[in-house]
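The values are calculated or read from the model by the stated rules, or taken from the named source; none is laboratory data. What you see is a predicted model, and the numbers here were worked out from it, not measured in a lab. Here the Cβ positions follow ideal geometry from the backbone for every residue, glycine too, while neighbour counts run over all protein chains shown. Side chains are part of the model used for accessible areas, which takes the heavy atoms of the whole protein and leaves out ligands, DNA and RNA. Shrake-Rupley method; radii C 1.70, N 1.55, O 1.52, S 1.80 Å.
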Amino acid sequence: MNVFQLNYVSRIRQWHDLRNSLESADINKKCIEIDNWWQKAPLVNHHLHILDQTGWPGPWDLLEENTYCTLARAIGMCYTLLLTGVTDIELVEATDETGNDVILVLVDRAKYVLNYWPNTVVNNCSTDFTIRRRLDISKLQQKI
């Protein structure tokens, strides 16, 4: 069953279990598992605005709302990474090689690229993207 089809309490519990299961994992495993977990979120075209960082939900609110655009999903990945001890994170607005606009989560100096296609965390290279804007994740850290 897709966790995002469950009720709020179950989603919170599953998210907690994910974080606990990654407590002692290396960064490679954390990035892959977190991306896999969040890739299951059903997407809508527009939910959050990239320039309204003060209006972005906190981690628990995000899971309660249960509405995800690619930005909301990326924010969920950032919260999960932060809560599992990963701090070398960049949230960027970019364009891929085919001209598609994307929101990416770059980890460990862009060694890992999350929030692109499922199962591609370690197969992407940051040079495959043109970064248009870097977003400040300190506002996300304050919401935890």
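Under unit Cβ charges (Lys, Arg +1; Asp, Glu -1), what dipole magnitude, rounded to 20 debye, does region 6-144 have relative to its Cα centre?
Details: 14 positive and 18 negative charges, 40 e Å.
Using Cβ point charges on Lys, Arg, Asp and Glu, region 6-144 gives about 200 debye.
Please give the solvent-accessible surface of Y116 in Å², to the nearest 10, using a probe radius of 1.4 Å with every protein chain present.
Per-residue accessible area (Y116): approximately 50 Å².
If you roll a 1.4 Å probe over the heavy atoms of the protein chains, what accessible area per residue do you get for the chain, in Å²?
Numbers: 7440 Å² over 144 residues.
Heavy-atom SASA per residue in the chain reads 52 Å².
Which one, Y116, L43, S126, is farthest towards the positive end of the dipole of the chain when Lys and Arg carry +1 and Asp and Glu -1 on their Cβ?
Of the listed residues, the answer is L43.
Run the quick spin-label model on L83 and K111: label points 7 Å from Cα toward the beta carbon, then report their separation in nm to one decimal.
2.5
Could you work out what % of the accessible surface of the chain is carbon and sulfur, using a 1.4 angstrom probe and leaving DNA, RNA and ligands out of the count?
Values: 3400 of 7440 Å².
Taking all protein chains in place, the chain shows 46 percent carbon and sulfur surface.
At what distance in angstrom do the alpha carbon centres of region 95-123 and region 42-65 lie from each other?
19
Output wanted: per-residue J couplings in Hz (rounded whole) for region 52-69, from phi through Karplus 6.51 cos²θ - 1.76 cosθ + 1.60, θ = phi - 60°, x for Gly and Pro.
9, 4, 5, x, 5, x, x, x, 6, 5, 4, 6, 6, 4, 6, 10, 10, 9
Explain nothing, just the number: dipole magnitude of region 85-144 about its Cα centre with +1 on each Lys and Arg Cβ and -1 on each Asp and Glu Cβ, in debye rounded to the nearest 20. Kindly include the intermediate steps, with their values, before the conclusion.
Numbers: 7 positive and 9 negative charges, 53 e Å.
In debye, rounded to 20, region 85-144 gives about 260.
Using heavy-atom solvent-accessible surface (probe 1.4 Å) with all chains present, what is the largest-first order of V102, V9?
Values: V102 20, V9 85 Å².
These residues rank, largest area first, as V9, V102.
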